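Each remark here refers to the structure printed beneath this line.
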Amino acid sequence: MSEENELIQFREAKDTFFKKDRQSPLTPEQRKTFQGLKYFDENPALRLYLPIEVFSEKEQIQMQTSTGDIQTYTRIGRIRFKVDSQDAQLTVYGDRHGFFLPFVDQLAGKETYGAGRYLEPEVLEAGRIRVDFNLAYNPYCAYNDLYSCPITPFENRLKVPIRARERLFHDPEAG
């Protein structure tokens with residue numbers, strides 16, 4: 001199966017989960033009118049296989065969450081890449097579940113969730129990871145204020161647009 005077909009099936013399954021599953025982050029009222037998430041078209045240029053510059057000291061940091069709680073992560077390393085010929089870099093974090101890559105892009109609050117989107121990079125061979133922005137997703141707090149989500153650290157705020165995966169759930173013009 002092609003990556004494009006996999007992405008289509010994944011999006012359909014996610015929409016079904018959001019619409020029908022009791023574990024959906026949507027409220028019962030939201031599920032009644034839910035017509036599916038909004039996505040950018042697949043962007044193969046944002047499917048990256050990158051070396052990771054592993055930090056010599058694995059500093060523990062605390063990320064505040066959307067509800068004021070604190071979550072602890074380890075700063076693992078940095079990735080560098082280009083988006084539309086513009087240089088970009090992000091810090092990769094880790095916790096007991098694996099790698100975590102929160103980011104805010106230039107489209108935040110306009111076309112994408114203002115507090116950022118998340119990725120779980122895939123570890124490849126030593127020193128390399130797969131970062132597929134086509135898999136970036138909105139945290140559950142983008143849909144429902146009852147969820148507590150880590151707030152993207154300043155060092156992961158990009159000055160470039162990442163036109164991949166999920167868009168805003170609510171139209172800011174609609175209020």
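The values are calculated or read from the model by the stated rules, or taken from the named source; none is laboratory data. In this text the structure is predicted, and so the values were computed from the model without any measurement. Cβ placement follows ideal geometry from the backbone for every residue including glycine, while neighbour counts extend to all protein chains displayed.
Regarding Glu57, is this residue touching a residue at least 12 places away in the same chain (Cβ under 8 Å) and either touching a Lys or Arg at 6+ places or on another chain (Cβ under 8 Å) or among the acidic types (Asp, Glu) (or both)?
no
Please determine whether any residue of segment 165-172 is part of a loop (DSSP other than H, G, I, E, B), in contact with a strand residue (DSSP E or B) (Cβ under 7 Å, 6 or more places away or on another chain), of a type outside the set (A, V, I, L, M, F, W, C) and over 18 Å from Thr27 (Cβ atoms).
The answer is yes; a qualifying residue exists.
Could you grab me the full set of residues in segment 1-26 that are touching a strand residue (DSSP E or B) at 6+ places or on another chain (Cβ under 7 Å) and outside any helix (DSSP H, G or I)?
Within segment 1-26, no residue meets the criteria.
If a residue has to be surrounded by fewer than 15 Cβ atoms within 10 Å (Cβ to Cβ) and not in a helix (DSSP H, G or I) to count, how many in segment 27-37 make the cut?
Of the residues in that region, 3 qualify.
Scan Gly116, Gly127, Gly68 and give me the residue that is within 30 Å of Pro28 (Cβ to Cβ) and surrounded by fewer than 13 Cβ atoms within 10 Å (Cβ to Cβ).
Going through Gly116, Gly127, Gly68 in turn, just one is within 30 Å of Pro28 (Cβ to Cβ) and surrounded by fewer than 13 Cβ atoms within 10 Å (Cβ to Cβ): Gly68.
If you scan segment 108-128, which residues turn out to be among the hydrophobic types (A, V, I, L, M, F, W, C) and modelled with pLDDT under 95?
Once the filter is applied, which keeps residues that are among the hydrophobic types (A, V, I, L, M, F, W, C) and modelled with pLDDT under 95, segment 108-128 yields Ala108, Ala115, Val123, Leu124, Ala126.
Please indicate, with yes or no, whether at least one residue in segment 87-103 is of a type in the set (A, V, I, L, M, F, W, C) and more than 19 Å from Pro150 (Cα to Cα).
So far as segment 87-103 goes, yes, one or more of its residues are of a type in the set (A, V, I, L, M, F, W, C) and more than 19 Å from Pro150 (Cα to Cα).
Scan segment 120-174 residue by residue and report those that are within 19 Å of Gly77 (Cβ to Cβ), out of contact with any Asp or Glu (no Cβ under 6 Å at 6 or more places or on another chain), touching a residue at least 60 places away in the same chain (Cβ under 8 Å) and hydrophobic (A, V, I, L, M, F, W, C).
Scanning segment 120-174 gives Leu124, Ile129, Val131, Phe133.
Could you please find all residues in segment 82-93 being crowded, with 16+ Cβ neighbours inside 10 Å and either polar (S, T, N, Q) or closer than 13 Å to Ile52 by Cβ (or both)?
Listed by number, the residues that qualify are Leu90, Thr91, Val92, Tyr93.
Based on this model, can you work out whether Phe10 counts as surrounded by fewer than 17 Cβ atoms within 10 Å (Cβ to Cβ), at pLDDT 95 or above and outside the structural domain of Thr152 (by TED's automatic domain parsing)?
For Phe10, the condition - surrounded by fewer than 17 Cβ atoms within 10 Å (Cβ to Cβ), at pLDDT 95 or above and outside the structural domain of Thr152 (by TED's automatic domain parsing) - is not met.
Looking at (1) under 20 Å from Pro150 (Cα atoms); (2) surrounded by fewer than 17 Cβ atoms within 10 Å (Cβ to Cβ); (3) assigned by TED's automatic domain parsing to the domain that holds Tyr147, find the lone condition where Gln23 falls short.
Evaluating Gln23 over (1) under 20 Å from Pro150 (Cα atoms); (2) surrounded by fewer than 17 Cβ atoms within 10 Å (Cβ to Cβ); (3) assigned by TED's automatic domain parsing to the domain that holds Tyr147 leaves (3) as the failure.
Please enumerate the residues belonging to segment 147-175 that are surrounded by fewer than 17 Cβ atoms within 10 Å (Cβ to Cβ) and either at pLDDT below 90 or within 14 Å of Leu107 (Cα to Cα) (or both).
Arg157, Lys159, Val160, His170, Asp171, Pro172, Glu173, Ala174, Gly175 - these are the residues of segment 147-175 that are surrounded by fewer than 17 Cβ atoms within 10 Å (Cβ to Cβ) and either at pLDDT below 90 or within 14 Å of Leu107 (Cα to Cα) (or both).
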